[in-house]
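Below is one structure, written out as structure tokens; comments come after it.
The values are calculated or read from the model by the stated rules, or taken from the named source; none is laboratory data. All values derive from a computational prediction rather than experimental measurement. Glycine also receives a Cβ, built like all others from the backbone with ideal geometry; neighbour counts cover every protein chain displayed.
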Ligand code: TNX
């Protein structure tokens with residue numbers, strides 16, 4: 001069965017669906033055609049089938065994509081924005097949704113139900129009725145392209161992997177001490193100098209504005225919203241290396257390729273720095289159709305507390321003036337005067353330490369919501385096991401697949417329940433992660449766990465969380481999913497908790 005676990009999936013009576021050579025994809029409703037093309041392309045890639053798309057009612061054995069109000073689940077009388085229904089029967093397959101996004105997630109469920117190894121004919125799928133919608137509107141994956149750069153083609157491959165898990169936001173960590181990765185026309189040295197290298201002296205690189213627009217459009221086609229992050233005022237050595245005038249002594253810092261954090265800061269309050277912030281935010285906002293722009297704000301250990309607060313309040317206002325909602329790591333909650341609705345991203349542990357919960361609550365008080373990325377569960381750069389060659393271990397212990405799965409967003413910050421939680425995000429920092437294959441291996445299968453925490457229904461809150469997350473059921477489904485990863489050539493870590501099957505699907 002499927003990951004993330006659907007709200008309901010009832011096996012039905014009757015014969016299985018058989019995908020005949022004559023099968024077509026029948027479309028009805030606005031946006032159904034685009035979803036049908038993505039389904040056709042997925043079946044072509046997964047199964048080497050090439051189905052015709054027709055704008056007419058389905059015949060026996062067709063796959064129908066129907067988008068209309070009332071077509072998706074609407075339990076409380078209103079349509080679920082991303083919900084879908086999927087019926088598989090001998091007569092045909094039918095995906096119904098109120099929106100193209102809902103239908104697209106229905107397609108992802110169907111892809112997982114189609115046998116991973118499709119070379120045997122006829123291709124059959126057991127009859128089932130699925131009724132499904134997400135718990136949270138925001139299910140994110142963060143890719144740090146600043147420490148190690150990943151090309152547009154590699155980022156697209158990452159998007160292809162996350163959508164299968166119904167992850168609908170891609171947070172790109174575009175700037176850090178080690179690299180500046182987004183072209184800024186008014187400050188060209190940021191990429192020429194600041195983008196010229198990466199962690200451990202790895203290849204530099206950056207996205208031109210055209211490449212970035214193309215990435216955003218590729219993501220949008222797959223119902224993924226890009227959230228760009230310009231990390232400031234700390235994590236800014238690449239900018240400080242690019243422009244002498246951003247430094248207090250007027251001397252450019254050397255480029256940095258190490259892994260320390262907290263040593264760099266913009267000169268808050270300085271006129272040139274303020275112009276810099278306005279320019280970079282304006283240009284990146286103009287490239288971003290999505291509503292969110294992330295300002296970072298983490299680990300500013302070289303900025304005085306008062307300067308930090310004044311800086312992030314002004315920067316978040318600049319984001320608002322450019323028509324976007326600012327997102328900040330939870331430290332930004334030290335500021336009491338952020339624009340209404342500013343979103344916080346919490347990255348402390350599943351059990352908060354020191355004042356992290358208090359900072360996170362500031363965003364809620366200001367009318368904003370929270371994205372939860374607890375670092376002992378959702379930081380996918382943390383090692384799977386002691387002694388792993390790739391990954392960090394600063395959280396004090398490895399993050400197993402179980403750790404990524406057995407937690408609940410509504411139980412992390414006291415007093416913050418689902419009404420104030422926008423969603424969850426798994427973060428992949430890349431100080432130690434050097435290739436897209438390594439990215440996939442760190443992310444999968446743990447992203448499947450975080451995606452399920454974000455999509456699937458809230459567990460009953462009367463029981464301890466360990467009692468409500470069925471690890472065996474989850475890992476059984478992950479083993480099935482892995483056959484699709486094998487078939488697609490997607491890398492993943494064969495962690496001991498999962499009853500993996502033989503690797504048979506590689507074509
Ligand atoms: C903390 S948490 C960071 C990153 C590092 C990461 C490594 C946060 C917002 N910042 O700068 O890359 O730990 O795990």
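A few comments on the model shown:
- Flag if residue 419 is touching a helix residue (DSSP H, G or I) at 6+ places or on another chain (Cβ under 7 Å), in the same structural domain as residue 353 (by TED's automatic domain parsing) and over 23 Å from residue 477 (Cα atoms): no
- Qualifying positions in the range 307-334 - within 16 Å of the ligand (Cβ to nearest atom) and out of contact with any strand residue (DSSP E or B) (no Cβ under 8 Å at 6 or more places or on another chain): 308, 331, 334
- Checking 388, 337 one by one, the residue that is more than 13 Å from the ligand (Cβ to nearest atom) and within 30 Å of residue 444 (Cα to Cα) is 388 and no other.
- Scanning the range 118-151 for residues that are within 16 Å of the ligand (Cβ to nearest atom) and not in a loop (DSSP other than H, G, I, E, B) returns 140, 141, 142, 143, 144.
Results for (1) surrounded by fewer than 22 Cβ atoms within 10 Å (Cβ to Cβ); (2) over 18 Å from residue 225 (Cβ atoms), shown as yes or no for each residue.
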position	(1), (2)
319	no, no
322	yes, no
333	no, yes
342	no, no
353	yes, yes
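- Failed criterion for residue 59 (all others in (1) at pLDDT below 95; (2) surrounded by fewer than 17 Cβ atoms within 10 Å (Cβ to Cβ) hold): (1)
- Checklist (1) touching a helix residue (DSSP H, G or I) at 6+ places or on another chain (Cβ under 9 Å); (2) farther than 21 Å from residue 148 by Cβ; (3) in contact (Cβ under 8 Å) with a residue 60 or more places away in the chain; (4) assigned to a helix (DSSP H, G or I) applied to residue 220, failing item: (1)
- Matching residues in the range 22-58 - criterion: being under 20 Å from residue 122 (Cα atoms) and not in a loop (DSSP other than H, G, I, E, B): 24, 25, 39, 40, 41, 42, 43, 44, 45, 46, 47, 52
- Only residues that are out of contact with any strand residue (DSSP E or B) (no Cβ under 8 Å at 6 or more places or on another chain) and either assigned to a helix (DSSP H, G or I) or in contact (Cβ under 8 Å) with a residue 40 or more places away in the chain (or both) were counted across the range 238-250, and they come to 6.
- Check on residue 154, in a loop (DSSP other than H, G, I, E, B) and at negative phi: no
- Residue 316 satisfies every condition listed in (1) assigned to a helix (DSSP H, G or I); (2) in contact with a helix residue (DSSP H, G or I) (Cβ under 6 Å, 6 or more places away or on another chain) except (2).
- Residues of the range 161-180 satisfying the condition of being away from the ligand (no atom under 13 Å from the Cβ) and within 12 Å of the chain's Cα centre (by Cα): 161, 162, 163, 164, 165, 166, 167, 168, 169, 170, 172
Conditions tested, residue by residue: (1) at pLDDT below 95; (2) under 22 Å from residue 324 (Cα atoms); (3) assigned to a loop (DSSP other than H, G, I, E, B); (4) within 16 Å of the ligand (Cβ to nearest atom).
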| site | (1), (2), (3), (4) |
| --- | --- |
| 253 | no, no, yes, no |
| 260 | no, no, yes, yes |
| 264 | no, no, yes, yes |
| 278 | no, yes, no, no |
| 283 | no, yes, no, no |
| 297 | no, yes, yes, yes |
| 303 | no, no, yes, yes |
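- Close contacts from the range 363-376, counting a first residue that is assigned by TED's automatic domain parsing to the domain that holds residue 396 and touching a residue at least 60 places away in the same chain (Cβ under 8 Å) and a second that is within 16 Å of the ligand (Cβ to nearest atom) and part of a loop (DSSP other than H, G, I, E, B), with Cβ to Cβ under 9 Å and a gap of 6+ residues or different chains, come to 373/347.
- Filtering the range 258-295 to residues that are crowded, with 17+ Cβ neighbours inside 10 Å and either without any contact (Cβ under 8 Å) to a residue 24 or more places away in the chain or not assigned by TED's automatic domain parsing to the domain that holds residue 236 (or both) leaves only 267.
- When residues of the range 391-405 are limited to those that are out of contact with any strand residue (DSSP E or B) (no Cβ under 8 Å at 6 or more places or on another chain) and crowded, with 17+ Cβ neighbours inside 10 Å, the one nearest to residue 445 (Cα to Cα): 401
- Test for residue 221: is it under 20 Å from residue 268 (Cα atoms) and either modelled with pLDDT under 95 or within 19 Å of the chain's Cα centre (by Cα) (or both): no
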